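Report on one structure; see the data block that follows.
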Amino acid sequence: MAGSETSGAAVIIGAGQAGAQAAQSLRTEGFKGPIVMIGDEAYPPYQRPPLSKKFLAGELEEERLFLRPQAFYDEAKITLRLNTRATAIDREAHTVSLEGGEKLTYAKLLIATGTRVRRLTCPGSHLKGICDLRNIDDVRRIQPEFTPGKRMVIVGGGYIGLEVAAVAVKRGLKVTVLEMADRVMARAVSETLSRYYEDFHRKAGVDLRLGEPVAAVEGDDHVRAVATASGPIPADLVLVGIGVIPNVELAAEAGLACDNGILVDEHARTADPDVFAAGDCTNHPCAIAGRRLRLESVQNAIEQAKAAAAGMAGKPRVYAEVPWFWSDQYELKMQIAGLAEPGDTQILRGDPASGKFAVFYLRGGVVAAVESVNAAPEFMMGRQMIAKHLAVAPDRLADVNIPMKQLIS
Amino acid sequence: MPKIKYIEHSGKEHVIDVPNGWSVMEGAVKNLIPGIDADCGGACACATCHVYVDPQWIGKLAPKEDMEQTMLDFANGVEANSRLSCQIKVTDELEGMVIRMPESQH
């Protein structure tokens, strides 16, 4: 494209957390051209984390999910094209095709298409009453059935499944969680945390079954039961939380390299200098982990989108934050920083029985990750330790009588 | 709807009607007042919505829960009247409350 870096339009495919952040950051970075954001849902950009928590519980109105009011987009001259789906990217012509045939021309393009839920493939997986939880409309479909006494079977003991289980059991539903692995959240946390959460859910009344995959969903039109090797479990409602798949098809069909996500560099840019990608859909080099990876988190969406926007505005910036995550279940606040690897040494700080504890991961004596439960000092100081590649003596780290602030000084 | 006065670090003032039940953080973010990041959206997980509450109003707020206190310990420039604005729920009693923003949330 001829002309200055910022004279043409920025088109953003995807109106989630990353897309919204990029639109906003483009303006703060001084991008002067038109900004168009394309979203396939009916809603302006909104927060997803509360969907499986306060929003499902009915404690948060829909309006409060929205990241920004309409006035923000109007004032910042950001055009929201909602209920709109992008169907193709032509990198040669610098256009994005929309459903219906319209074409938008871009100078800079951001792909922030996020992920979609993985679906059940077993017999009966088409039955009514089987739900996912990814967006507002999913929650709207669950809510009429989400009433005391209803029997809910949750497939998958990951973050989504367990957050929903916590809300459901509090609401008075009869909740069963089926996890095919031998512990919950096995992909995300240490065995120490898995066991702690398993115990907590069981004490709260959840029938949590490990190593028990779904064989079939039974019913005529609507789900009646979920069958496993140990027999059928009666169900009025089935929630599936078995992971997500990155939406890479638009990028891949446009000839951009994809491998478990759209490949971008540390500036959130693809191999095409005018095409960027951010959020859950990207596979990016992670300085902290020392390898490429794909993250599913709000923080990654926000920070990578900021870097992408800076690059789109002609001021490339490296994205190299320490990843962090959180999950709310019951009164337990789990906060995780860094990325653990097999082979790391785990150090327990605090007694899980006290309700406050953390697991630190040391790699070559240096703090690589921390998982905390109701233990903000460990999380906040842990983040700093990871960023600074700080070495700590394991016995001091394990000693709760030594405050975290002393460990870092 | 209580009116809350938000004062940016630069001194610029904004008086906003914030619905009862919303947080002070939401009142700012949804009304485009700069100075609060609130990366986690109000889950008390990130400490990027730190504000200073005018001392006159501090006593009217519900006390800090443990989580807010410990998260706040790690924010920058914390003073006796510091709070995480996502944890302050707006009520009629807070009519006229004055909130000041720190220089930075990071």
Cα centroid separation - region A:84-111 against region A:289-312, whole Å: 22
The protein assembly as shown: calculated mean residue ellipticity at 222 nm from DSSP helix runs of at least 4, using -39500 (n - 2.57): -6000 deg cm²/dmol
Under 11 Å, Cβ to Cβ, from A:Glu75 - net charge with Lys/Arg +1 and Asp/Glu -1: +2
Length gained when the stretch A:Thr345-A:Ala229 is fully extended (0.36 nm per residue, less Cα-Cα span): 38.2 nm
Inter-label distance, nm, simple model (7 Å from Cα along the C-beta direction), B:Val98/A:Ala391: 5.2
Farthest positive-ward along the protein assembly as shown dipole, Cα basis, beta-carbon charges - from A:Gln304, B:Phe74, A:Ile242: B:Phe74
Peptide A:376-382, shielding by other chains (average Cβ, 10 Å cutoff): 5
DSSP bridge pairs, the protein assembly as shown: antiparallel proportion in percent, nearest 5: 60
Efficiency of FRET between A:Gln70 and A:Leu210 - r from beta-carbon atoms, R0 60 angstrom, step 0.05: 0.85
Extension gain (nm, one decimal) between A:Glu253 and A:Ala93, 0.36 nm per residue minus Cα-Cα: 56.1 nm
Relative contact order computed over region A:319-383 (Cα-Cα under 8 Å; 6+ residues apart), in percent: 30
Per-residue mean of C-beta atoms belonging to partner chains within 10 Å, peptide B:30-36: 3
Counted charge near A:Ala186, where neighbours are those whose Cβ lies closer than 15 Å (Asp, Glu -1; Lys, Arg +1): -3
Probe 1.4 Å, protein heavy atoms only - accessible area per residue of chain A in square angstrom: 41
Gain upon complete extension [A:Arg291, A:His126; 0.36 nm per residue less C-alpha separation]: 55.6 nm
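The values are calculated or read from the model by the stated rules, or taken from the named source; none is laboratory data. Predicted model only: the values in this text are computed from it and were never measured. Cβ sites come from the backbone with ideal geometry, for glycine too, and all protein chains shown count toward neighbours. Heavy atoms of the whole protein, side chains included, go into the accessibility calculation; ligands, DNA and RNA do not. Shrake-Rupley method; radii C 1.70, N 1.55, O 1.52, S 1.80 Å.
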